[in-house]
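Structure first, then comments.
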Amino acid sequence: MIGVAVVMTAGSRPARARLVRAGTTVLAGSLLAVVAACGQGGTGGDAPSAGGPPGGSTAPRPAAPAPKPGGFTLVTSGDVLPHDSIIRRAAADADGGGYDFRPMFAGAKPVVSRADLALCHMETVYGEEGGPYTGYPAFKSPPEVAAALKATGYDSCSTASNHTLDDGAEGLGRTLDALDAAGVRHAGSARTAAETARPTLLKAGGATVAQLAYTYDTNGYPLPEGKPWAVNLLDRDKVIADARAARAAGADVVVVSVHWGSEWQTEPDERQLSLARELTASRTGGRPDIDLIAGTHAHVPQAYEKVNGTWVIYGMGDQIAGDMINHEGVSDPRGNQSSIGRFTFAPPKRPGGRWEVTRAEFLPQWFDTERGRVVDLTASDGSDPRHAGIRETIRQVVLGRGADEDGLTLGR
């Protein structure tokens with residue numbers, strides 16, 4: 001049967017009638033009790049609301065606390081530097097179908113793709129579709145590199161290097177266009193003034209992460225006429241100002257990717273050391289303006305170090321490059337050695353506090369130029385007798401400034 005009951009609330013106006021389907025005698029009895037209660041209470045407003053507290057209070061229940069933001073892992077890796085031999089390998093791997101760089105990166109993919117946020121360094125610019133493509137000294141790489149970076153799991157790349165203007169503003173623009181098309185974000189060079197003014201903001205776990213990027217020089221190529229903002233040049237005051245602007249734009253964590261240092265020198269040079277001290281010392285309201293510095297350029301692995309409480313990677317080495325010749329004209333195997341830095345960030349313990357690195361790791365890498373493949377030396381099965389020695393060489397350099405005492409460990 002269907003019955004209609006008018007339920008009165010506190011106050012003088014009846015509540016809207018509700019249509020109730022009485023399925024049992026218990027429910028019917030409940031409806032009679034409600035009607036009786038309304039009749040006894042009249043319209044004087046003294047009767048409690050059904051199910052409410054005495055006195056007719058309708059105060060809302062306290063809101064559930066907002067969930068705490070989650071932590072995240074971030075990886076960052078070294079220079080992607082396609083020499084002529086690398087371009088030829090990509091053509092061979094494509095089997096006549098253009099250029100395929102994905103097999104080269106396959107050894108790094110398990111580490112990169114598992115991270116919440118993965119950053120790379122695209123040192124060269126891209127040529128036009130179909131070429132011509134060139135290696136050293138003025139690079140123009142196939143734009144298919146961008147698709148391989150995406151397939152490997154990279155989210156964003158620094159694009160400020162001494163080779164950013166190898167093909168002028170046109171090459172710079174083609175590179176950023178290709179990264180955009182592949183779905184890879186970028187920082188360090190720009191097509192417009194508005195683009196360079198916007199920090200690259202990325203999501204990772206419960207955090208917003210800013211990637212900023214700078215280079216010490218552009219190999220003497222002048223900035224394009226009328227475009228002084230095209231490439232971010234390394235300047236302490238600019239880096240600090242940009243970091244503070246990124247924080248104001250919503251960044252919880254600020255990562256600075258910097259192309260610096262002396263080539264073929266495993267020890268960081270004096271400018272690297274002094275800039276690392278100055279940048280990590282910069283604070284606003286007691287909170288560091290920069291949360292991580294990741295260096296590239298030297299062609300060889302360099303040390304990790306905790307400076308003023310902030311991790312600095314002076315140089316990660318070349319992730320992908322051809323056989324390297326050093327300044328003495330000698331083939332130098334260190335040019336194919338590198339590391340990936342992996343950092344686990346935890347949310348601040350108090351509102352407005354710093355996201356802290358709770359785990360810092362390095363993962364030795366090697367580019368096997370004979371096979372044209374990245375080798376993760378932490379996952380090596382021991383079948384190649386060279387791997388253990390290369391891994392140990394990288395380990396000694398990375399820990400050369402005592403990073404293990406501050407908690408840096410060999411990743412797995």
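The values are calculated or read from the model by the stated rules, or taken from the named source; none is laboratory data. Everything numeric here is computed off the predicted structure, so don't read it as measured data. Virtual Cβ from ideal backbone geometry, glycine too; neighbours counted across all protein chains shown.
A search for C-beta distances below 7 Å between a residue of the stretch 238-257 that is touching a residue at least 40 places away in the same chain (Cβ under 8 Å) and crowded, with 16+ Cβ neighbours inside 10 Å and any residue that is in a helix (DSSP H, G or I) and of a type in the set (K, R), counting only pairs 6+ apart in sequence or on different chains, returns V254/R247.
Just name the residue that is nearest to A360 (Cα to Cα) out of those in the stretch 378-412 that are in a helix (DSSP H, G or I) and small (G, A, S).
That would be A403.
Inclusion of R89 among residues that are under 17 Å from S141 (Cβ atoms) and among the basic types (K, R) is warranted.
Checked against the criterion of being surrounded by 14 or more Cβ atoms within 10 Å (Cβ to Cβ) and farther than 30 Å from P348 by Cα, the candidates T192, T200, T196, T218 yield just one match: T218. Scan the stretch 195-223 and report the pairs whose first residue is over 16 Å from A118 (Cβ atoms) and whose second residue is modelled with pLDDT under 95 and not acidic (D, E), with Cβ atoms within less than 8 Å and a gap of 6+ or a chain change. What qualifies is G206/K68; G206/P69; G206/G70.
Scanning the stretch 283-304 for residues that are under 20 Å from the mean Cα position of the chain (by Cα) and farther than 18 Å from A213 by Cβ, we see that the one that is surrounded by the fewest Cβ atoms within 10 Å (Cβ to Cβ) is P288.
Given the structure, is G96 at pLDDT 95 or above and on the phi > 0 side of the Ramachandran plot? No: the conditions fail for G96.
Take the residues in the stretch 162-209 that are of a type in the set (S, T, N, Q) and touching a strand residue (DSSP E or B) at 6+ places or on another chain (Cβ under 7 Å); name whichever of them is nearest to V256 (Cα to Cα). This residue is T200. Of the residues G173, G168, the single one that is surrounded by fewer than 20 Cβ atoms within 10 Å (Cβ to Cβ), on the phi > 0 side of the Ramachandran plot and either β-branched (V, I, T) or modelled with pLDDT of 95 or more (or both) is G168. Among the conditions (1) farther than 21 Å from V80 by Cα; (2) part of a strand (DSSP E or B); (3) free of Cβ contacts under 8 Å to residues at least 60 places away in the same chain; (4) not charged (D, E, K, R), the only one that W366 does not satisfy is (1).
Listed here are the residues, each with its yes/no results for (1) under 19 Å from V111 (Cβ atoms); (2) exposed (fewer than 12 other Cβ atoms within 10 Å of the Cβ); (3) of a type in the set (S, T, N, Q).
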site: G329; (1), (2), (3): no, yes, no
site: I340; (1), (2), (3): yes, no, no
site: F345; (1), (2), (3): yes, no, no
site: D368; (1), (2), (3): yes, no, no
site: T409; (1), (2), (3): yes, no, yes
